[in-house]
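Beneath this line is the structure, given in structure tokens, with notes to follow.
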Amino acid sequence: MMGRNMQIQDSSEITWPLARVMRWIYQQADSSQTQFHYPGKTPQSDNFIYERNLENARNWVRGESMPSLPGLLSNFSQSIRGREVGIRDDPDLVKSTPLLLLVARVSTAICREIHETYGLEILTQLTNDCSDLARSLKPEITEFKSEIMNAKGTEDLSEIDAHTWDNAYAQYMRFFYFKKHEASETLKRLRAASPANPFKPPVIHALTEKLGRYPVISELYPIAQAKRWHVTEDFKQLLLRGLDIKNNPATNTSDSEELKQDLHSHDLEDQLSWLASWIDAAIAYRSEDYSAAMDLFEQAFEQAKYRAGRAQYKLVNQYLEACAKNNQKRRFKKGVEWARYLGISIRWLRDKEPTEENLDFVFMMLSRATYPQL
């Protein structure tokens with residue numbers, strides 16, 4: 001669902017699964033969005049519920065807001081009940097609409113979170129992977145349906161009783177997992193026999209012909225992912241060098257620019273952008289330009305979410321300190337909320353509750369304190 005129902009046209013335009021499913025429902029109902037959510041709308045119409053439903057639906061399709069699941073289901077239920085023709089004449093669509101909306105809403109929430117946290121490139125890779133896995137699974141489902149129809153002598157799946165479905169499913173899944181096990185064991189033997197180049201295309205092709213594509217690529221997938229996210233030696237060296245530069249009180253802008261050039265030449269600007277921003281923030285902090293330091297700490301803080309590991313503690317606390325030194329209480333509180341969400345300890349607060357009194361104390365202490373070790 002996540003891969004097949006999300007479109008990415010360019011870096012600025014994403015069609016989320018919920019929008020695609022909503023438009024598909026309108027198409028199946030042979031209706032415009034307006035007439036679907038506001039049945040019989042005319043210039044003289046005055047129905048507050050339908051007007052609200054239509055406005056909400058427009059916002060959801062545009063991606064301007066995310067509905068709660070009860071609100072989403074209620075909106076469509078009211079719209080369907082209000083229609084005299086169209087979707088109510090298609091009982092299968094009426095019955096499946098809540099499930100379609102549920103899956104679309106959940107997958108949209110997941111995709112948006114991935115996009116916000118890890119960026120468009122990772123989201124695109126994951127959706128492409130999901131689409132590939134879904135396509136490769138389709139022949140397995142077709143084979144299962146064909147087997148059960150042949151066994152029961154019918155082409156109408158609705159004629160098959162639940163007990164038969166359950167038994168057929170249990171038998172087929174044993175066969176399905178047997179194929180996955182065979183694929184896994186074969187891949188292990190290939191890696192042991194030729195560690196440098198274990199998965200030659202002709203060999204993988206022969207294996208998929210024998211076992212099916214899904215059992216093979218679903219076992220290859222975690223291996224490929226581990227390789228995709230393998231930490232290179234260049235990454236390790238530049239990370240350690242960058243942290244040393246950041247910690248050195250004598251660091252200046254020429255040191256920072258030299259590191260940025262090296263990040264660019266090794267194609268690590270995206271992965272370590274947070275470290276470059278942090279170094280610039282440290283330079284501004286040591287020169288007591290706390291206004292510039294705050295903006296740079298914030299930039300590093302945003303770039304480093306889920307990336308900086310143990311370094312996140314220092315970075316978050318330095319951002320909070322810069323907010324305090326610039327008397328930016330609102331930004332300070334947002335930083336505290338994010339730190340607590342990630343489970344990061346806050347200087348002077350530690351395990352205390354973030355009451356107004358306690359936060360005021362932390363704010364005051366950080367506004368006065370200066371830490372030589374960044």
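The values are calculated or read from the model by the stated rules, or taken from the named source; none is laboratory data. This structure is a prediction, so every number in the text was calculated from the model and none was measured. Glycine also receives a Cβ, built like all others from the backbone with ideal geometry; neighbour counts cover every protein chain displayed.
Which count do you get for residues in region 289-316 that are outside any helix (DSSP H, G or I) and either within 26 Å of the chain's Cα centre (by Cα) or modelled with pLDDT under 80 (or both)?
Number of matching residues: 4.
With the condition kept exactly as written, say whether any residue in region 214-223 is surrounded by fewer than 12 Cβ atoms within 10 Å (Cβ to Cβ) and part of a helix (DSSP H, G or I).
Yes, the conditions are met somewhere in region 214-223.
Quick check, is residue 356 modelled with pLDDT of 90 or more and over 28 Å from residue 256 (Cβ atoms)?
Considered against the rule, which asks whether it is modelled with pLDDT of 90 or more and over 28 Å from residue 256 (Cβ atoms), residue 356 comes out as yes.
Between residues in region 313-332 that are in contact (Cβ under 8 Å) with a residue 60 or more places away in the chain and residues that are of a type in the set (A, V, I, L, M) and surrounded by 23 or more Cβ atoms within 10 Å (Cβ to Cβ), which pairs lie under 9 Å by C-beta distance while being six or more apart or on different chains?
Here the result reads none, with nothing in region 313-332 linked to a residue that is of a type in the set (A, V, I, L, M) and surrounded by 23 or more Cβ atoms within 10 Å (Cβ to Cβ).
Test residue 147 against the criterion of being among the charged types (D, E, K, R), surrounded by 12 or more Cβ atoms within 10 Å (Cβ to Cβ) and in a helix (DSSP H, G or I), and give yes or no.
yes
Only one of (1) among the hydrophobic types (A, V, I, L, M, F, W, C); (2) out of contact with any His (no Cβ under 9 Å at 6 or more places or on another chain); (3) in a helix (DSSP H, G or I); (4) over 28 Å from residue 357 (Cα atoms) fails for residue 231. Which number is that?
(3)
Among the residues of region 337-351, how many are in a helix (DSSP H, G or I) and either acidic (Asp, Glu) or surrounded by fewer than 21 Cβ atoms within 10 Å (Cβ to Cβ) (or both)?
Selection size over region 337-351: 5.
For region 257-279, which positions are surrounded by 20 or more Cβ atoms within 10 Å (Cβ to Cβ) and among the small types (Gly, Ala, Ser)?
276, 277
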